[in-house]
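J.: The structure is given below, and queries will be raised subsequently.
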Amino acid sequence: IDVSNFSNNIISYIYNININFTKIDDPFEPNDSRVDAGAISLATPVRGFVFAGFVAGATIAPEAYDDWYRLTLAAGPATIKLEDVPTTVAPELVLLDGQGSETGRKFDPTKGAGLTLQKTIVAAGTHFVKVGVFAPVPPAEGKGSVVPDHFLHPYKLTVTQP
């Protein structure tokens, strides 16, 4: 909120500002890095928001929109499914092994597109899934009364193994 005089005349005003907000309910936050990855379980869908904080005049790095998750996978096939992607986001999924080496990636430049990444896990153990933004970075703020879809609409992530 920026309040300023309309003209150069210095005039004193008394006013009240009432602000209402709806908290984004994302129980995995903060999970913007591999170090802060939220623990998830196989076959249990999780909901998260592609959301980053915003300070007027600041540039938000694309990585600020990333959500990281960790889980234990067995050796063999695995499917990572991203659904209900907000219409303001072109999604990306990245799978990493326990040492942080990338083992799979899938993206779609279409905003709102779902993704399915299928990989064969070579070594059982801890793995990481990153839900990110392919391009372009979604808006960090709404204009007027328009709130971007990724502020309101959580995605659904599910990881399964047979």
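J.: In the range 122-162, which residues are among the polar types (S, T, N, Q), touching a strand residue (DSSP E or B) at 6+ places or on another chain (Cβ under 7 Å) and open to solvent by 50 Å² or more (accessible area, probe 1.4 Å)?
T.: Correct list: THR126, THR160.
J.: Has the range 64-72 got at least one residue that is modelled with pLDDT under 95, more than 11 Å from the chain's Cα centre (by Cα) and either open to solvent by less than 100 Å² (accessible area, probe 1.4 Å) or closer than 30 Å to ALA123 by Cα (or both)?
T.: So far as the range 64-72 goes, no, none of its residues is modelled with pLDDT under 95, more than 11 Å from the chain's Cα centre (by Cα) and either open to solvent by less than 100 Å² (accessible area, probe 1.4 Å) or closer than 30 Å to ALA123 by Cα (or both).
Residues are listed down the side, and each one gets a yes or a no for (1) farther than 22 Å from ILE60 by Cα; (2) modelled with pLDDT under 95; (3) not acidic (Asp, Glu):
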residue: LYS106; (1), (2), (3): yes, no, yes
residue: LEU115; (1), (2), (3): yes, no, yes
residue: ALA123; (1), (2), (3): yes, no, yes
residue: LYS130; (1), (2), (3): no, no, yes
residue: PHE134; (1), (2), (3): no, yes, yes
residue: PRO138; (1), (2), (3): no, yes, yes
residue: GLY144; (1), (2), (3): no, yes, yes
residue: VAL147; (1), (2), (3): no, yes, yes
residue: PRO162; (1), (2), (3): yes, yes, yes
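J.: When VAL147 is evaluated against the numbered criteria (1) within 14 Å of VAL85 (Cα to Cα); (2) without any contact (Cβ under 8 Å) to a residue 24 or more places away in the chain, which criterion, by number, is the only one it fails?
T.: Exception for VAL147: condition (1).
J.: Quick check: anything in the range 51-65 in contact with a His (Cβ under 7 Å, 6 or more places away or on another chain), in contact (Cβ under 8 Å) with a residue 40 or more places away in the chain and in a strand (DSSP E or B)?
T.: Checked the range 51-65: no residue is in contact with a His (Cβ under 7 Å, 6 or more places away or on another chain), in contact (Cβ under 8 Å) with a residue 40 or more places away in the chain and in a strand (DSSP E or B).
J.: Quick test of your reading of the structure: LYS81 fulfils all but one of (1) surrounded by fewer than 12 Cβ atoms within 10 Å (Cβ to Cβ); (2) in contact (Cβ under 8 Å) with a residue 60 or more places away in the chain; (3) farther than 18 Å from ASN31 by Cβ. Name the failing condition by number.
T.: (1)
J.: Inspect all residues belonging to the range 106-121 and state whether any of them is under 16 Å from VAL159 (Cα atoms), in contact (Cβ under 8 Å) with a residue 60 or more places away in the chain, open to solvent by 20 Å² or more (accessible area, probe 1.4 Å) and in a strand (DSSP E or B).
T.: no
J.: Right, another one. Among the residues of the range 26-34, are any in a loop (DSSP other than H, G, I, E, B), at pLDDT 75 or above and open to solvent by 80 Å² or more (accessible area, probe 1.4 Å)?
T.: Our first condition is that a residue be in a loop (DSSP other than H, G, I, E, B); within the range 26-34, this holds for 26-33.
Then drop every residue that is not at pLDDT 75 or above, which leaves 26-33.
Next, only the ones that are open to solvent by 80 Å² or more (accessible area, probe 1.4 Å) stay: 27, 30.
Among the residues of the range 26-34, at least one is in a loop (DSSP other than H, G, I, E, B), at pLDDT 75 or above and open to solvent by 80 Å² or more (accessible area, probe 1.4 Å), which makes the answer yes.
J.: Which one of these is surrounded by 14 or more Cβ atoms within 10 Å (Cβ to Cβ) and either on the phi < 0 side of the Ramachandran plot or in contact with a His (Cβ under 8 Å, 6 or more places away or on another chain) (or both): GLU102, GLU92?
T.: Details: GLU102 fails: surrounded by 14 or more Cβ atoms within 10 Å (Cβ to Cβ).
Matching residue, one of GLU102, GLU92: GLU92.
J.: Checking GLU92 against (1) part of a strand (DSSP E or B); (2) more than 26 Å from VAL35 (Cβ to Cβ): exactly one of these is not met. Which one?
T.: (2)
The values are calculated or read from the model by the stated rules, or taken from the named source; none is laboratory data. Computed from a predicted model, the values in this text were never measured in an experiment. Cβ atoms come from the backbone with ideal geometry, glycine included; neighbour counts cover every protein chain shown. Each accessible area value is taken on the protein alone, full model and side chains, heavy atoms only, with ligands, DNA and RNA left out. Shrake-Rupley method; radii C 1.70, N 1.55, O 1.52, S 1.80 Å.
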